[in-house]
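Trainee: Here you go, one structure.
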Amino acid sequence: MDDDELIAATARGDADAFAALYRRHLPRVVSYVMRATGDPEVAADLTAEVFAAALAGCGRYRPEHASAAPWLIGIAQNKLRESRRRGRVENATRRRLEMAALPLGDDDLDRVTQLAARGEVGGDSARVDVITTVDGLPENERAVSRGLARARARLSVRSETED
Amino acid sequence: MADYFDRLELELRAAVPRANAHAHTDAHRLRPTRRRPRPGNVFVAISAAVTIAVVVLGVALIGHGHTASAPFEPARPRPPATGTAPQSRAREVRDVLAGNGIATAKFGESRAAVTAALTPLLGAPVGGYKRFLGECGIDHKLQWREALTVTFSRSRFVGYQYFGSGTSGAPSGQTALATTRGLNIGDTLAHGRRLYGASFTISAAQGGSWRVTTPRGRLEGYASEAPTAHSALSPQNLVASIAAGNVGCAALTP
């Protein structure tokens, strides 16, 4: 099933469909929030809130693209901005959905790092532009400072080339 | 033992029925309630109605006067609007964000025209005219710090996204932009509803978003949570961004 079908099925109450969507995009979302925060604990917490918000918003998802990735990164962007503004990770959607707070162990933090590394593979230019818009920094500087792969840094430099 | 993300998956699975139960509620949260006022609240209700009428009349008169006499609507210190989240300081506010452009810069115009229109408001753009790579029809952008991103397709102005200075750490006193009816970053969604009426809708999509169709085109944006909100989306949530036109892929388009 493609993402649109999974989201539509979730909106009809199919938990398996949302689990499939979650597993498909988890590395990408973890990678995004990990790069934005640099903190595995915060990244894990934000990831949970992002997927909770996605679940809450499934009924209003507009299928405009082949992948739900831009939609999920948009949610992550919004949650990240709000969390920064408030000085703590948002958990309002999880509270509303009555989801339990999950403890994090050292092994879990390692898992965050592993997933973030997986999410780096196959990154796309659209994601680079989103990040640039959020943080307002030249992407090439960010890439260097965060130790991203050399290929990604080259891509970022291209995206910021002035005419 | 299952790791954090396995446990999270189980929590999300269990939450699917609850999310569906909430979805219907969210879609109708901004519909006007028709509660009968209690006797003790009649005076308060009348006072509020009179206040709103006076404010609306005043705004209409001011807006009409400036439309005829000046290319931009007036800059003026604006106190927090009734019923909105209090803003930390009075700033110069320009009511120039429209569904078809910003101030005198309309969609379809050139980069030079856009820069000329916005520089008096916000100063020069930061970082120059930057190329986008395959962003859903967008090929270039101009940026005013983090506050405003203006998008171009084939050298023509096609959209913008405004986040204001509240999230960017911009210097205090910087000019803020608002919609032509006066909707600001940081205003409540309920205030948006008061300004635009029933066409102002909110959605839980993308963590909270709003939109309104105006005679000059559609305005939309993200919604952020109010400090006092008890749910993910309510009329007390705040306007986090204001956008119009094509600003790229769905990640940037609520």
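Trainee: Considering A:Ala53, A:Ala19, A:Ala76, A:Ala101, which residue is part of a loop (DSSP other than H, G, I, E, B) and of a type in the set (A, V, I, L, M, F, W, C)?
Mentor: A:Ala101
Trainee: If you don't mind, there's one more thing I want to ask. Collect the residues in region B:203-234 that are surrounded by 24 or more Cβ atoms within 10 Å (Cβ to Cβ) and either modelled with pLDDT under 70 or of a type in the set (A, V, I, L, M) (or both), keeping them in residue-number order.
Mentor: Listed by number, the residues that qualify are B:Ala204, B:Ala205, B:Gln206, B:Gly207, B:Leu219, B:Ala223, B:Glu225, B:Ala232, B:Leu233.
Trainee: Hey, another quick one. When region A:34-62 is examined, which residues are found to be within 20 Å of A:Ala100 (Cβ to Cβ) and under 11 Å from the mean Cα position of the chain (by Cα)?
Mentor: Passing the criteria: A:Ala43, A:Ala44, A:Leu46, A:Thr47, A:Ala48, A:Glu49, A:Val50, A:Phe51, A:Ala54.
Trainee: Next question. Of (1) under 23 Å from B:Ala240 (Cβ atoms); (2) more than 10 Å from every other protein chain (Cβ to nearest Cβ); (3) assigned to a helix (DSSP H, G or I), A:Ser31 satisfies all except one. Which?
Mentor: Every condition holds for A:Ser31 apart from (1).
A quick yes/no check of all residues on (1) at pLDDT 85 or above; (2) surrounded by fewer than 21 Cβ atoms within 10 Å (Cβ to Cβ); (3) charged (D, E, K, R):
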position: B:Lys106; (1), (2), (3): yes, yes, yes
position: B:Val114; (1), (2), (3): yes, no, no
position: B:Gly128; (1), (2), (3): no, yes, no
position: B:Gly137; (1), (2), (3): no, yes, no
position: B:Tyr160; (1), (2), (3): yes, no, no
position: B:Thr167; (1), (2), (3): no, yes, no
position: B:Thr175; (1), (2), (3): no, yes, no
position: B:Ala178; (1), (2), (3): yes, no, no
position: B:Gly182; (1), (2), (3): yes, yes, no
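Trainee: Being over 19 Å from the mean Cα position of the chain (by Cα) and crowded, with 16+ Cβ neighbours inside 10 Å is the filter here; which residues of region A:84-98 pass it?
Mentor: Listed by number, the residues that qualify are A:Arg96, A:Leu97.
Trainee: Which of the following residues is crowded, with 19+ Cβ neighbours inside 10 Å, closer than 24 Å to A:Met1 by Cα, modelled with pLDDT of 75 or more and in contact with a Ser or Thr (Cβ under 8 Å, 6 or more places away or on another chain): A:Ala116, A:Ala68, A:Ala53?
Mentor: Being crowded, with 19+ Cβ neighbours inside 10 Å, closer than 24 Å to A:Met1 by Cα, modelled with pLDDT of 75 or more and in contact with a Ser or Thr (Cβ under 8 Å, 6 or more places away or on another chain) holds for just one of A:Ala116, A:Ala68, A:Ala53, which is A:Ala53.
The values are calculated or read from the model by the stated rules, or taken from the named source; none is laboratory data. Small disclaimer: the values here were computed from a predicted structure and weren't measured. Because the Cβ atoms are built from the backbone with ideal geometry, glycine has one as well, and the counts that use them run over all protein chains shown.
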